[in-house]
Amino acid sequence: MNTKAVRLYGKMDLRLEDMTLPEVGPDDVQVKIISDSVCMSTYKAAVEGEEHKRVPDNVAENPVIVGHEFCGDIIAVGENWKDKYQVGDHFAIQPAHYYKGSQDAPGYSYANCGGSSQYANIPIETLLMDCLLPYKSDTYFYGSLAEPMSCIVGTYHAMYHTKAGSYVHEMGIKEGGKLALLASVGPMGLGAIDYAIHCDRKPSLLVVTDIDDARLKRAAAIYTVEEARANGIALHYVNTKMENATEYLRELTGGTGYDDVICFAPVKPVVEQAGDILGYDGCLNFFAGPTNTQFKAEFNWYNVHYLYTHVVGTSGGNNNDLREAIELMNAGKVDPASMVTHVGGLNAVVDTVTNLPKIPGGKKLIYNHIDMPLTAIDDFAEKGKTDPLFAELDKICRAHKGLWNAEAEKYLLANAKAI
């Protein structure tokens, strides 16, 4: 099988090129990848190259396909997997298989499997760990967003609280508690807001912070204070670019501090603020993975001893988290379309990944079988003045509150230029 794929050869060395996949054997499942959303983790892998914990040391000689938030169709099934998978089935993938404790994962570690490819052979480890999951929907981009959404689900489940006299941790955010999401109006933060409002373990207070008024305004328009109130949650959006921001955040809790804080930026002042607003038995989740291996921030150790404050860190979700994300989307309880701000073709991946921190907005969604520059949804109208494809996409998105949607995806796949 011939395919186009974006492969990593070393630090910031990404190449879109043609390659040939091995023939399907008895232990193989081959897939056609329709969509892949670009993750900041892919940028980090590109920055670190062979020094990344999931990228092989010999990547220069044996390049790997990048991308791990992908969805598509099963097109060939080896004899040993025919009882489980059928040609024509849709799939979503949990890249973090942790087979025998390994950190290897599609999108980081494999020569023949990654989301930035038209076709791929699923690693045997992924199959053995049941990480190739059925996806019963004809809207592919939701399948791509199921993986980042599962990371958010996993983060909420990884939070924990203690009970005096017991060494058993109660897992999950505190039900009816006070939750703060710091630097949380980027794509993953938006998903975290959505989940907090619609999960089955809701807080009573939800405070969302950032230092960008435009991004806060967009988040507040999508996830409104009124909707949160209807779900029993007092929601506040706060621009922390102010004097005494930490004190103000504590005041919103009535002075108790927060039961749960999730930090979405690997920025020293933000991390320290996250620690400073914790209440008794407060749990801080450091969600954002830094690229600096020596990243440090101060933490109040007096509070660790006397107030039982504590820290966890999560990176990715597990199979159950992915299944929960898919179920919530299929039931219409969460809608991660708000994460997507840009759409492009496979030809746009290299520039998108290498420049990701410089590109404003949220998730960059890639359709692997089309040729299209990465384009902001907000720019569809202007491009539509000279290109009928973008004119129609703009019309469709406007009918869906300016968000990417299933109708737009179907139109794009049917009418865009093939790569």
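Tabulated results
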quantity	calculated
Accessible area of region 287-402 belonging to carbon and sulfur atoms, whole % at 1.4 Å probe	50 percent
Solvent-accessible area of residue 52 with every protein chain in place, 1.4 Å probe, in Å² to the nearest 10	30 Å²
Charge sum, other residues only, whose C-beta stays under 14 Å from residue 158's C-beta, Lys/Arg counted +1 and Asp/Glu -1	-2
Value of relative contact order over the chain, rounded to a whole percent, pairs C-alpha under 8 Å and six or more apart	15 percent
Average accessible area per residue (Å²) across region 1-158 - probe 1.4 Å, nucleic acids and ligands excluded	37 Å²
Peptides ranked, highest mean first, by Cβ atoms within 10 Å: ranges 129-135, 340-346	340-346, 129-135
Fraction of beta bridges assigned by DSSP in region 134-284 that are antiparallel (%, nearest 5)	10 percent
Table column - 3J(HN,Hα) (Hz), region 341-357, Karplus curve with 6.51, -1.76, 1.60, x for Gly and Pro	10, 9, 9, x, x, 4, 5, 8, 5, 4, 5, 5, 5, 5, 10, 3, x
Candidates 257, 143, 115, ranked by Gaussian network fluctuation over the chain, Cα under 10 Å, top entry	257
Region 22-45 versus region 265-334: alpha-carbon centroid distance in Å	28 Å
Histogram of C-alpha separations across region 116-257, 5 Å bin width, %	2, 8, 15, 17, 18, 13, 10, 8, 6, 3, 1, 0
Cα lying deepest toward the dipole's positive end in region 192-348, options 295, 278, 209, charges on Cβ	295
Helix-only CD estimate at 222 nm, as mean residue ellipticity for the chain, using -39500 (n - 2.57) per DSSP H run (n ≥ 4)	-8500 deg cm²/dmol
Rg followed by Dmax, in Å, when region 41-103 is reduced to its Cα trace	15.0, 41
Using alpha carbons only: equivalent-ellipsoid semi-axes of region 102-142, gyration tensor based, whole Å	19, 14, 9
Accessible surface of region 103-177 [probe 1.4 Å, protein heavy atoms]: carbon and sulfur percent	54 percent
Extension gain (nm, one decimal) between residue 84 and residue 243, 0.36 nm per residue minus Cα-Cα	51.4 nm
Size of charge dipole - the chain - debye, nearest 20, with Cβ of Lys, Arg +1 and Asp, Glu -1, no other charges	580 debye
Angstrom value of the Kirkwood radius, inverse mean 1/r, which spans all Cα pairs in region 90-162	13.4 Å
Nitroxide proxy distance, nm - points 7 Å out along Cα→Cβ at residue 418 and residue 306	7.1 nm
Dipole of the chain [Lys/Arg +1, Asp/Glu -1 at C-beta], most positive-end residue of 346, 254, 65	254
Sites residue 137 and residue 320 - FRET efficiency at Förster radius 30 Å, r taken between beta-carbons, to 0.05	0.95
Residues whose placed amide H lies under 5 Å from that of residue 312, excluding near-sequence neighbours	284, 285, 286
Gaussian network model of the chain, springs between alpha carbon atoms under 10 Å - residue of 306, 119, 43 with greatest fluctuation	306
Most fluctuating residue given options 94, 103, 30, as computed from a GNM of the chain linking Cα atoms under 10 Å	103
Solvent-accessible area per residue for region 236-325 (1.4 angstrom probe, square angstrom)	52 Å²
Reference-scaled alpha-carbon Rg (2.2 N^0.38 Å with N residues) for region 256-353	1.41
Beta bridges by DSSP in the chain, antiparallel share as percent, to the nearest 5	55 percent
Region 131-184 - charge dipole about Cα centre, Lys and Arg +1 at Cβ, Asp and Glu -1, debye rounded to 20	200 debye
From the coordinates shown, volume of the Cα convex hull per residue in Å³ corresponds to which of (i) 145; (ii) 160; (iii) 169	(i)
Centroid-to-centroid separation of region 181-208 and region 54-120 [C-alpha atoms, Å]	30 Å
Accessible carbon and sulfur surface of region 234-282 relative to its total accessible area, %, 1.4 Å	51 percent
Stretch gain in nm, segment residue 382-residue 100, where the contour uses 0.36 nm per residue and the Cα spacing is subtracted	96.4 nm
Distance between modelled label sites at residue 51 and residue 23, nm, 7 Å Cα→Cβ extension	4.3 nm
Accessible area per residue, Å², region 340-419 with all protein chains present, probe 1.4 Å	46 Å²
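The values are calculated or read from the model by the stated rules, or taken from the named source; none is laboratory data. These numbers were taken from a predicted model, which means no experiment stands behind them. Reconstructed Cβ throughout: ideal geometry from the backbone, glycine too, with neighbour counts over all protein chains shown. With ligands, DNA and RNA removed, areas are computed over all heavy atoms of the protein, side chains included. Shrake-Rupley method; radii C 1.70, N 1.55, O 1.52, S 1.80 Å.
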